[in-house]
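Only one structure is covered here, and it is reproduced in the block below.
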Amino acid sequence: MAARKPKLLPGTPAQHGWTFPAEWERHSGTWFSWPRPEGISFPDKYHTVPANLAAIVREIAPRELVHINVPNGNYEQIVARELVAHGVRRAWIGSRIRFHRIPTNEAWCRDHGPAFLVKRGRGGKRRLSIVDWGFNAWGGKYPPWDADDAVPTRVAELMAARDPSIEGELDGLWLPRHAGAPIVMEGGSVEFDGRGTLLTTEACLLHQNRNPHMSRADIERALCDGYGVERVLWLGEGIVGDDTDGHIDDLARFLDERTILTAIEPDPRDENHELLADNLLRLQYLRDADGRPYDIVTVPMPGTIEHDGQRLPATYANFLFVNGALLVPTYRHRKHDAEALATLQRFYGRSRKVIGIDCTELIWGLGAIHCLSQQQPAT
């Protein structure tokens, strides 16, 4: 389908009533960028990745559409065969699973993918727009990143051209770097309660490798303008082994508008113990939009997960909301895996099915389910 330039939104999204919805709200689909064997994310272990991704796709496809970015038609055929070989229903290819010719450098769609904003249009129907933040591969660590940086605009072009494989009508695209706020950031660095509050970490967004020209106040203003939120709350450090400088989606996640799940490390000898204790203390002092303390739910870290002597950022907080379910990474730690899944299932009861997916091989890429995905809200 021929690319068409999407309408550029004037001013800021906040000025026109756009906002980033909570992730537990209903989706029309979930986006992925399929990794390349020659990419840098899974050195010497790419052969383990298709089975892991297929396990995730098998759970999502019955519940909502799955969108997969691939560089060309050859990759589309290869990926389709790999999915089917690992248990994905052949009938879902093209119906529940839809491919898009959008090249990427790496697979981490949470960070480079489209950030969909919503607002109510005529008749109460929700409309969509996209924010295309600047992306520099987590502080310039992994060049090149030009293809990743272009993904949101490429998705917006497909939607502006009314690609029938993508549900939902796009009102426009906001390019902060064209609007006087050239902020560089990633989707995994921010978390939302759906009521105007954004949660992030000082370690990541205040790091000099993203926005050395911006103060804390400048960054807060850009986030509020771009995501349509009213306030920004800050935690401290990220977990050990996280090469993103401390993404929030490894630390603390909203379970609903009043409840935050956070990771803790019970073992005082573990290097995550003190930094997670500090973040837990900070959470206890935070207040919601009505001035009330948040309810805090804790899950343990899964213990030390290593590969070739490298500590990996394994955490249960890197879960993904899909319609009617919660997909939670597990790491073959029988006790802690079971505790994390049981804690989340108790919280949601019958309203949402909690499903564990083994990500022991996937975490070698330094990310898990949430890092790989980006939700598209329902309209």
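Read-outs: derived from the displayed coordinates by stated rules, not from any lab. Quick caveat: nothing in here was measured; it's all calculated off a predicted structure. Every residue, glycine as well, gets a Cβ built from its backbone with ideal geometry; the counts of neighbours run over all protein chains shown.
Tabulated values for the structure
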quantity: Radius 10 Å from Cβ of Gly241, net charge of other residues (Lys, Arg +1; Asp, Glu -1); calculated: -4
quantity: Charge context of Ile93, other residues only, Cβ under 15 angstrom, K/R +1, D/E -1; calculated: +4
quantity: Local electrostatic count at His336 - Lys and Arg +1, Asp and Glu -1, tallied over other residues with Cβ under 13 Å; calculated: -2
quantity: DSSP-defined beta bridges in the chain - what % are antiparallel, rounded to 5; calculated: 40
quantity: More than 25 Å apart - percent of Cα-Cα pairs taken over the chain; calculated: 52
quantity: Cleavage-rule hits (trypsin sites (Lys or Arg not before Pro)) in the stretch 210-319: DSSP loop, at most 15 neighbouring Cβ within 10 angstrom; calculated: Arg258, Arg269
quantity: Per-residue [θ]222 nm for the chain (sum of -39500 (n - 2.57) over DSSP H runs n ≥ 4, rounded to 500); calculated: -7500 deg cm²/dmol
quantity: Pairs from Lys45/Lys141; Lys125/Lys353; Lys119/Lys353; Lys7/Lys45 whose Cα-Cα separation, in the structure shown, is over 31 Å; calculated: Lys7/Lys45
quantity: Cleavage-rule hits, chymotrypsin sites (Phe, Trp or Tyr not before Pro), the stretch 6-68, DSSP coil, Cβ neighbours within 10 Å at most 16; calculated: none
quantity: Potential lengthening between Glu274 and Thr379 on full extension [0.36 nm per residue; Cα-Cα distance subtracted]; calculated: 33.5 nm
quantity: Neighbour-count order for Ser95, Ser33, fewest beta carbons within 10 angstrom listed first; calculated: Ser95, Ser33
